[in-house]
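S.K.: Quick one: the structure is below, questions incoming.
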Amino acid sequence: MKFFIDTANLDQIKEAQDLGVLDGVTTNPSLMAKEGITGEENIEQHYRKICEIVDGDVSAEVISTDFDGMVKEAEHLVTLHPQIVVKIPMTREGVKAIKYLNDKGIRVNCTLVFSAGQALLAAKAGATYVSPFIGRLDDISTDGVALIRQIVDIYNYYGFETQVLAASVRHTLHIIQVMEAGADVATCPLKPILGLLKHPLTDIGLEKFLNDHRNAGK
Ligand code: G3P
C-alpha cells in the first residue's frame with residue numbers, strides 16, 4: 001500500500017517526506033489556491049518544487065473541461081517532471097481524454113469519482129489511478145469506505161490494473177478503513193498520517209521503560 005499526502009503545502013510535504021513513509025503527493029486546484037499559488041508559471045514552478053521534495057508520483061490537475069484542452073494541458077504538464085501524473089475529472093470528455101492519453105503512455109489519475117460505474121469507466125479507459133472521494137460521500141450520508149470495497153472487488157474480479165487511490169480521506173480511522181477495504185493508496189492531509197503514530201499506551205510504556213532504566217541499581 002502507498003501513502004500520498006493531499007496538499008500543496010511544501011512544509012507539510014517536507015515533513016511527511018522526512019518521516020520516510022511518503023510515496024507521493026496529490027494536489028488539486030483548490031489546494032493550490034489555498035497556498036496562494038496563482039498564474040500558470042507559478043503553478044508549474046510549484047509542481048517542480050513538489051517533485052524535487054518527494055520520490056514518487058505527483059498528481060497535477062488540468063483545469064480544461066473539453067477533450068482538446070485537457071489533452072493539451074496533460075501533454076504539457078508531463079513535460080514539467082517525470083513524476084507528474086495528470087489528474088483528469090470523471091466526465092464524458094474526461095474519459096475520452098484518459099483513453100487517448102493512456103494510449104500515448106501518459107499516466108492519469110481520474111478524479112472526482114463517486115460511484116462504481118464511474119470507476120469502471122476510468123479503468124476501461126486505462127487510468128493509472130482512480131480517486132473515489134470518500135469524505136465527500138460521507139458528508140452526504142453515503143458510505144465512502146463501502147465504495148472503495150466495491151471498486152476493489154470489481155477491479156480484482158476483472159483483473160484491472162488501475163490502482164484505487166482513496167481520496168478525500170479526512171481522519172486517521174479513514175486510513176485504516178480504506179486499507180482494510182483493499183485500497184492501493186490513501187491520500188490525505190498530514191494530520192491523519194501523524195495520527196497513525198499515536199497511542200497512549202506507547203507513551204506510558206516508553207515513560208516506564210525510561211524510568212526503570214534511570215532507577216536501575218539505585
Ligand atoms: O483528494 C481529494 C481531496 O483534496 C478532497 O478532499 O476534504 O476537500 O473532500 P476534501
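S.K.: Let me check against my output: what whole-number percent is the relative contact order of the stretch 1-150, with C-alpha pairs under 8 Å and at least 6 apart?
M.R.: Values: 243 pairs, mean separation 22.3, N = 150.
Relative contact order, the stretch 1-150: 15 percent.
S.K.: Farthest toward the dipole's positive end in the stretch 9-168, which of 134, 155, 31, given Cβ charges of +1 (Lys, Arg) and -1 (Asp, Glu) about the Cα centre?
M.R.: Most positive-ward Cα: 155.
S.K.: With the chain treated as a Gaussian network of Cα nodes joined by springs under 10 Å, which of 78, 21, 108 yields the largest mean-square fluctuation?
M.R.: With Cα springs under 10 Å in the chain, the top fluctuation among 78, 21, 108 is at 21.
S.K.: Same structure again: Charges only on Cβ, +1 for Lys and Arg, -1 for Asp and Glu: so what's the dipole of the stretch 42-172 about the Cα centre, in debye to the nearest 20? Let's see the in-between values first.
M.R.: Numbers: 13 positive and 16 negative charges, 26 e Å.
The calculated dipole for the stretch 42-172 is roughly 120 debye.
S.K.: Here's a follow-up. Could you give log10 I(q)/I(0) at q = 0.11, 0.19, 0.24 Å⁻¹ for the stretch 1-81, computed by the Debye formula over C-alpha point scatterers of equal weight, without solvent?
M.R.: -0.28, -0.81, -1.18
S.K.: Where the eigenvalues come from the Cα gyration tensor of the stretch 29-182, what are the semi-axes √(5λ) of the equivalent ellipsoid, largest first, in whole Å? Show your work: numbers first, answer last.
M.R.: Values: eigenvalues 125, 72, 40 Å².
So the equivalent ellipsoid measures 25, 19, 14 Å along its semi-axes.
S.K.: Just from its helices, what would the mean residue ellipticity at 222 nm be for the chain, if runs of 4 or more DSSP H residues each count -39500 (n - 2.57) and the sum is divided by every residue, rounded to the nearest 500 deg cm²/dmol? Before the final figure, lay out the partial values.
M.R.: Details: 11 runs with 118 residues, N = 218.
Value at 222 nm, helices only: -16500 deg cm²/dmol.
S.K.: How about residue 72: which lysines have a C-alpha closer than 16 Å to its C-alpha, ignoring those fewer than 8 places off in the same chain?
M.R.: Filter leaves 87, 96, 99, 104.
S.K.: Please turn the phi angles of the stretch 48-55 into ³J(HN,Hα) values with the Karplus equation 6.51 cos²θ - 1.76 cosθ + 1.60 (θ = phi - 60°), one per residue in order, whole Hz, x for glycine and proline.
M.R.: 4, 4, 4, 4, 6, 7, 9, 8
S.K.: Looking at the stretch 51-124, which trypsin sites (Lys or Arg not before Pro) are in a loop (DSSP not H, G, I, E or B) and have at most 15 other Cβ atoms within 10 Å? Each step should come with its number before you reach the end.
M.R.: Working: sites: 72, 87, 92, 96, 99, 104, 107, 124; in loops: 104, 107.
Filter output for the stretch 51-124: 104.
S.K.: Modelled label-to-label distance, residue 210 and residue 42, 7 Å Cα→beta-carbon offset: nm?
M.R.: So the label points at residue 210 and residue 42 sit 4.3 nm apart.
S.K.: Quick one: which residues, 5+ away or cross-chain, put their amide H under 5 Å from the amide H of residue 57? H built at 1.01 Å from N.
M.R.: Those lying under 5 Å, H to H, from residue 57 are 25.
S.K.: Among residues other than residue 23 whose Cβ falls under 13 Å from its Cβ, what is the net charge (Lys/Arg +1, Asp/Glu -1)?
M.R.: On the way: positive: 2; negative: 6, 55, 57, 184.
The answer is -3.
S.K.: Additional query: Could you give me the ³J(HN,Hα) list for the stretch 174-187, computed from phi with Karplus coefficients 6.51, -1.76, 1.60 and θ = phi - 60°, whole Hz, x at Gly and Pro?
M.R.: 3J(HN,Hα) across the stretch 174-187, in whole Hz: 3, 4, 4, 5, 6, 5, 4, 7, x, 4, 7, 9, 10, 10.
S.K.: I would also like to ask the following. Karplus couplings for the stretch 112-129 from phi (6.51 cos²θ - 1.76 cosθ + 1.60, θ = phi - 60°), rounded to Hz, Gly and Pro as x?
M.R.: With the stated coefficients, the stretch 112-129 comes to 6, 9, 10, 8, 5, x, 5, 5, 5, 5, 4, 5, 4, 6, x, 4, 6, 10 Hz.
S.K.: Please list, in chain and number order, the residues 5+ apart from residue 113 or on another chain whose amide H is under 5 Å from its amide H, with Hs placed from the backbone.
M.R.: Amide H neighbours of residue 113: 131, 133.
S.K.: Would you mind computing the Rg to Rh ratio of the stretch 80-145 from its alpha-carbon coordinates, Kirkwood style for Rh? Don't jump to the answer; show the numbers that get you there.
M.R.: Values: Rg = 12.5 Å, Rh = 12.1 Å.
Checking Rg against Rh, the ratio lands at 1.03.
S.K.: Taking the Cα centre of each part, how many Å lie between the stretch 28-82 and the stretch 113-129?
M.R.: 21
S.K.: I've got another one for you. Taking the stretch 99-192 as the region of interest, what is the percent of Cα-Cα pairs per 10 angstrom bin, listed from the shortest bin to the one with the maximum distance?
M.R.: The distribution over the stretch 99-192 is 18, 52, 25, 5, given as percents.
S.K.: Same structure again: Most mobile of 203, 68, 57 per a Gaussian network model of the chain (Cα springs, under 10 Å)?
M.R.: 203
S.K.: For residue 80 and residue 102, compute 0.36 nm times the residue count separating them, minus their Cα-Cα distance, and round to one decimal in nm.
M.R.: 6.1 nm
Every read-out reported here was derived from the displayed coordinates using simple, explicitly stated rules and does not represent laboratory data. These figures come from a predicted structure and were not determined experimentally. Note that each Cβ is placed from the backbone with ideal geometry, even for glycine, and that neighbours are counted across all protein chains shown.
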